[in-house]
Structures are given as structure tokens and as C-alpha cells.
Amino acid sequence: MGVSRKFWMRHYYCGVIFPALLAVLFSSVHAHESNGYQPERKPLLVDSSWLQARLHTPGVVIVDTRQPGEYVRGHIAGAISLPSDETFHTRLGERVATQSRIEYLLGRRGIRRDDHVILYGYDSYRDAARVLWILALYGHSSAALLNGGYTAWKNAGLPIDTRIPLRKPVSYRAIVRHGLMSTRFHVLLALENPAIAIVDTRDAIEYQGFDSVSDRPGHIPTAFNIPSELNLEVRQGIPYIKSRPALQELYRDLADYSVVVLYCNSGCESSTSYLALRLLGKQVSIYDGGWKEWSSDPRLPVEVVLQ
């Protein structure tokens, strides 16, 4: 670590980190108590044939994460609508909504804690994977994503409906799993922890610093660059999540890390990578503030790939 890096770390620890240290250590204890990561008991990724066989199975709830206009024009038979942007914070843009908000959204739609929720979106997995992560964050461990999404289902000639199913509202109580979301403080500590990998899921142009959504271009130091779009492969014109062997090859550089922290610009694009790494059995969290938050703080370090 160079002199400037040492000076910066000392300055940041004294001015920002030390006052928050006890609070973070307290939250870490509760992260263990709330089982921040558990092996999957039900499939995390399903295909159209799997869902077709369980279309009317009690306890299986299909959730359409597209926009309401797309939903009303046609959706998987029996699916209820939960647009991904409804799960965003009301004042913080694309940051995750509060616990009370998520409880309200799920309860109003009649989703129970023990329901197996199957999520789908359109060709992009951004919406469905984001809601999948949010469900996991708030303790709903029994959820999966439909591989191929609405397009694969429709192209297979499977049941499409325009009717809106009615479900009786319930009282939903969430349990926050702290280990699935990282703050900038967690990321800062990860810079010095050899057991934690930081992964930038933006495209290479943004990672290298040639383009940026903020005034400061570049990436978080030590971060690997594995764009979220690389989790997908196109078959017959439809994007699918890659097979396990293909994902293992994609993430081969992370094999020796016990924990992975993902980030993009605002936490949404990283969700597809979250799903992929969960499929590989990795302990993974998302830095929800993302590059927008990190780069806006001049005290935090950034790196730019030299031209």
C-alpha cells in the first residue's frame, strides 16, 4: 500500500469508520443469527416445463415483474403482477424499499411466507432477478426465477391469460437477512480482506473509466470486472441463464473466495449475477448503493484503467 493510500485509509477510518464500527459489529452478529446465507431447499432456477407441471399447485405463486401495461396485455396464466420498480425506495431511486413497504406489497398480493414464488420478466433478467434478491433479503427463501422468462413461455405455446387473479390479502412479516446486502462501509472493509471478492458487473467501458453515470469514472479498487450480461446465452433468439458448467468457467477467478460482493451503478444489474453465483453455491451480497453512491463520495478511492 503506497503512502497516499495509507494516508487516505487513516483519514477515512478516523473520520467515518471508527464511529460506525460498533454498529457494524452489532449488525454482523445479527447477520449470523438471521442466517444470512442458507443452502437452497427448492430450485432457484426453473424452466417452462417445470412451471407448467405445477401451474395449479397450491403454494406455488407466479409473479410477473414487468410493467403493468405489459402484464394486462398478456401474462402467464394465474400470475399476479408485482412490477420491480414498486420494490424501489420511494425517496432513494432504485435502492431497495423498506421492510414495511415490502411487507405491504407482498401481503396485499396474498403471498405467504411459505409460498414458493416463481418470478419472471421479459428478455432482460434485471427485473425478475432484482425482486428475487429482495425476497431473499427480506427472508423469503423459497423463490425461483423462470429461465427464458415470458418470451420462452409464450413461444412454447403455454397458457397465456389477460384475466387478473384475485388473492385474499394476508399479513406478511419479513425477517431481514443482513448478509445479503452490503453498504459502502462493508465494501471499504472488503478492500483489505483477502477472503472477499468485489465484482463490478457493469460493462467494460464503464469499469475502465471511459464512460460513467457520475462525475468520477472508474471502478472500486481490487474489483473484478464480470459484466452481468455474460451470465446469459441466447438460444433460438431467447436469452437464458447459462448452464452451471458455463457459469463455473465464467467465475473461475472467484473459486478461492469465500464471499462475493457485487455492485453495478445502482444495484439492479447486479441481481442477475447474484442469481448466477447463488446457483454456484457462493455466499454473495449486493452493494445496493453501487457506483452512484461510491463515486459520489470524494473520500472513497477509485481506479481507472490506463489507456
- Message: Taking each pair of distinct Cα atoms in region 45-161 once, what is the resulting Kirkwood hydrodynamic radius in Å?
- Response: 14.2
- Task: When you have a sec, figure out the Kirkwood radius of region 141-192 from all distinct Cα pair distances and drop it here in Å to one decimal?
- Result: 16.2
- Distance from region 237-254 to region 273-307 (C-alpha centre basis), Å: 19
- Query: Looking at region 136-252, what % of the alpha carbon pairs are farther apart than 17 Å?
  - Reply: 75
- Query: Going by the alpha-carbon gyration tensor, a ≥ b ≥ c the square roots of its eigenvalues, is region 58-108 rounded (a/c under 1.5) or, if a/c is not under 1.5, prolate (a/b greater than b/c) versus oblate?
  - Reply: oblate
- Restricting region 87-192 to GluC sites (Glu not before Pro) in coil, as DSSP defines it, with at most 15 other Cβ within 10 Å: Glu192
- Message: Just to check I understand the Karplus step: with θ = phi - 60° and J = 6.51 cos²θ - 1.76 cosθ + 1.60, what whole-Hz values come out for region 123-130, glycine and proline as x?
- Response: 5, 7, 8, 4, 5, 5, 5, 4
- Message: From the phi angles alone, apply the Karplus equation (6.51, -1.76, 1.60; θ = phi - 60°) to region 80-89 and give each ³J(HN,Hα) in whole Hz, x where the residue is Gly or Pro.
- Response: 9, 9, 9, x, 4, 5, 6, 8, 7, 5
- With θ set to phi - 60°, apply the Karplus curve 6.51 cos²θ - 1.76 cosθ + 1.60 along region 113-122 and write out the HN-Hα couplings as whole Hz, x wherever there is a Gly or Pro. 4, 9, 6, 8, 8, 10, 9, 8, x, 8
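No value in this document is a laboratory result; all are computed from the given coordinates. Note that the structure is predicted; figures quoted are calculated from it, not measured. Ideal geometry is used to build each Cβ from the backbone, glycine not excepted, and the neighbour counts take in all protein chains shown.
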